[in-house]
Amino acid sequence: VLQIVSYVNTSAVDVSVQQLSLSILENMVPTSRLLFELVKKEVTLDRLLAHLQVTNPQLQLKAMALLIALLLTATDAERRDMMDYLREKNFRQFIHKNIIHSSEPLGDEMAHYLYVLQSVSLNLCEQRMRSPMDPYCQEQRELLQWLRQSAFEPENEGPAGGFSTERRRSLCAKEFRKLGFQNNSNPAEDLRRAPPGLLALDNMVYFSRNTPSAFSRFVLENSSREDKHECPFARSSIQLTLILCEILHVGEPCSETAQAFYPMFFGQDHFFEELFCICIQLVNKTWKEMRATQEDFDKVLQVVREQITRTLALKPTSLELFKTRVNVLNYSEILKLRQTERLHQEETLAVPVLELRERLKPELLELIRRQRLLHLCQGTLFRKISSRRRQDKLWYCRLSPNHKVLHHGDVEEGTCAPPIESLPEKIPVADMKMLLVGKECPHMKEKSSGKQNKDVLELAFSIVYDMEEYCLNFIAPTRYEFCLWTDGLNVLLGREMTSERMQTDLDVLLSMELKLRLLDLENISIPDTPPPIPKPPSNLNFCYDFSHAEQ
């Protein structure tokens with residue numbers, strides 16, 4: 001063993017001999033504790049780091065393999081000491097610069113070693129993650145109090161000295177509630193759940209110490225909101241720590257084949273804590289975007305989990321890039337992505353389905369046109385526009401069953417559906433020239449200001465008819481009636497239906513029709529291109545002539 005070690009520790013030895021020696025030592029380390037201790041003692045971490053700095057990728061790979069074997073075989077305490085030493089030597093930054101971003105492409109084997117190194121480093125958080133808070137531990141209680149003081153003490157420090165013990169306890173409970181602890185009289189209870197245990201407390205303290213302005217802004221901003229709308233910092237931090245542990249697989253054994261490492265992990269010594277600092281601010285941002293209340297807490301954290309996993313899947317090379325991308329991926333973007341994925345899942349975006357959708361459109365548009373005309377035949381009760389402050393009169397308008405005449409006339413209050421013969425005024429459809437809506441209507445030109453008038457403006461439409469260009473002016477009772485009447489009148493004028501209701505109806509009908517048509521194809525993938533049509537046969541002698549058989 002010492003002979004092999006000497007080849008590794010001597011620079012003058014041939015590179016191929018060093019590679020083979022490193023490989024032998026790597027296979028030797030896991031076999032016995034005695035050999036592990038011997039190799040660990042003789043081949044120092046400094047020596048391995050020197051081998052990693054060479055330009056030969058194969059030598060780098062063998063040195064990394066031995067380092068990983070030593071880390072995996074070491075006890076928890078030894079592993080922690082080794083990782084601390086590597087941190088002092090800026091080991092992660094070296095890997096980030098010279099291995100991940102080197103000119104040579106990263107091989108599968110090196111990718112696996114980097115995954116293991118990441119996993120081993122993150123698993124150093126496991127002990128804190130699985131340790132619940134001990135309410136009798138002085139050190140842990142001091143951390144909690146420090147967290148409270150860093151958020152509120154400057155404003156309360158002066159008068160607090162003169163408070164009685166009871167008053168002081170009440171003030172502390174109030175401040176812990178503002179910090180977002182559910183059990184404000186004894187906040188240690190919130191940290192009894194493990195995981196995330198003490199790791200959540202460590203993250204909160206790190207956030208408050210390293211980004212004090214962001215911490216103060218988070219806490220004070222939510223202290224000034226209504227109780228039900230405030231985003232609870234402590235509760236969010238505890239849940240977020242748990243989410244990050246699950247996403248990063250903290251506490252899980254290393255896979256023997258996985259290669260999924262995050263390049264940005266090697267660019268930062270305090271990766272987990274720095275990632276938490278970015279994500280806790282993301283929680284507050286998403287909370288505001290969703291206009292969430294306390295009842296929506298789980299929904300918000302579910303969206304945040306999705307934002308983090310989607311951004312990590314893009315493999316950002318630095319935490320700064322992660323921060324930029326995760327903030328761009330806001331709540332509305334998440335909703336759009338979910339909708340698109342749902343459509344892909346239902347195969348409504350497949351090329352043949354889109355073609356089928358286009359074929360179905362004319363038939364369904366005709367159905368909507370018939371429905372609109374039928375609604376016009378049933379008629380609607382309208383109010384007359386009055387400039388005086390008296391009760392507006394009512395009038396009724398309906399289309400004749402043959403779709404050739406519009407009948408209208410005044411009616412009394414309480415009239416439901418007057419017969420068509422009782423409506424004296426008539427406008428032949430053939431005389432109708434155009435349809436005007438909103439500000440274009442003659443009865444709306446003087447009424448453009450004020451909130452009430454704006455509401456009326458959205459419901460106004462007019463028919464221009466006859467050679468003299470008379471106008472019949474309408475104010476629809478609801479937006480729904482406005483859409484149906486304007487669509488129906490456009491159909492009578494031979495124009496396209498343009499209302500938002502038409503688009504909604506068309507989407508609903510298309511969705512239902514497509515689902516019915518594709519019912520038999522459930523769980524069958526539809527190809528984008530149709531199968532090729534076979535060539536015609538050389539002769540048609542196989543055809544059977546039915547006419548002779550029948551005779």
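What the table shows:
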read-out: Filter pass, Val8 being touching a residue at least 24 places away in the same chain (Cβ under 8 Å), assigned by the TED database to the domain that holds Ile99 and over 21 Å from Glu109 (Cβ atoms); value: no
read-out: Qualifying residue in the stretch 77-97 (condition: touching a residue at least 60 places away in the same chain (Cβ under 8 Å) and more than 20 Å from Gly267 (Cβ to Cβ)); value: no
read-out: Condition met for Leu275 (in contact (Cβ under 8 Å) with a residue 60 or more places away in the chain, buried (at least 17 other Cβ atoms within 10 Å of the Cβ) and part of a helix (DSSP H, G or I)); value: no
read-out: Checklist (1) modelled with pLDDT of 90 or more; (2) of a type outside the set (Val, Ile, Thr); (3) under 9 Å from the mean Cα position of the chain (by Cα); (4) open to solvent by 60 Å² or more (accessible area, probe 1.4 Å) applied to Glu320, failing item; value: (3)
read-out: Candidate set from the stretch 282-307 (those that are part of a helix (DSSP H, G or I) and open to solvent by 60 Å² or more (accessible area, probe 1.4 Å)); member that is farthest from Leu114 (Cα to Cα); value: Glu295
read-out: Single unsatisfied condition, Phe163 versus (1) touching a helix residue (DSSP H, G or I) at 6+ places or on another chain (Cβ under 8 Å); (2) modelled with pLDDT of 85 or more; value: (2)
read-out: Selected residue (only one of Arg47, Arg33 is closer than 26 Å to Lys97 by Cα and charged (D, E, K, R)); value: Arg47
read-out: Members of the stretch 1-45 found to be of a type in the set (Asp, Glu) and farther than 20 Å from Ile68 by Cβ, listed by number; value: Asp14
read-out: Identity of the residue in the stretch 321-339, in contact (Cβ under 8 Å) with a residue 24 or more places away in the chain and among the polar types (S, T, N, Q), that ends up farthest from Ile308 (Cα to Cα); value: Ser332
read-out: Residue selected from the stretch 516-551 under the condition touching a residue at least 60 places away in the same chain (Cβ under 8 Å), open to solvent by 90 Å² or more (accessible area, probe 1.4 Å) and under 30 Å from the mean Cα position of the chain (by Cα), by the criterion farthest from Arg369 (Cα to Cα); value: Ser525
read-out: Pairs with Cβ under 8 Å, 6+ apart, first in the stretch 176-205 and on the phi > 0 side of the Ramachandran plot, second outside any helix (DSSP H, G or I) and of a type in the set (A, V, I, L, M); value: Gly197/Met133
read-out: Lone qualifier among Val464, Val437, Val429, Val508 - being assigned by the TED database to the domain that holds Ile368 and within 41 Å of the chain's Cα centre (by Cα); value: Val437
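Listed here are the residues, each with its yes/no results for (1) part of a loop (DSSP other than H, G, I, E, B); (2) touching a helix residue (DSSP H, G or I) at 6+ places or on another chain (Cβ under 8 Å).
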position: Cys416; (1), (2): yes, no
position: Ala430; (1), (2): no, no
position: Met434; (1), (2): no, no
position: Val456; (1), (2): no, yes
position: Pro477; (1), (2): yes, no
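The values are calculated or read from the model by the stated rules, or taken from the named source; none is laboratory data. All figures in this text were calculated on a predicted structure; none of them were measured in a lab. Don't worry about glycine lacking a Cβ; one is built from the backbone with ideal geometry, like all the others, and counts go over all protein chains shown. Note: areas computed on protein heavy atoms with side chains; ligands, DNA, RNA excluded. Shrake-Rupley method; radii C 1.70, N 1.55, O 1.52, S 1.80 Å.
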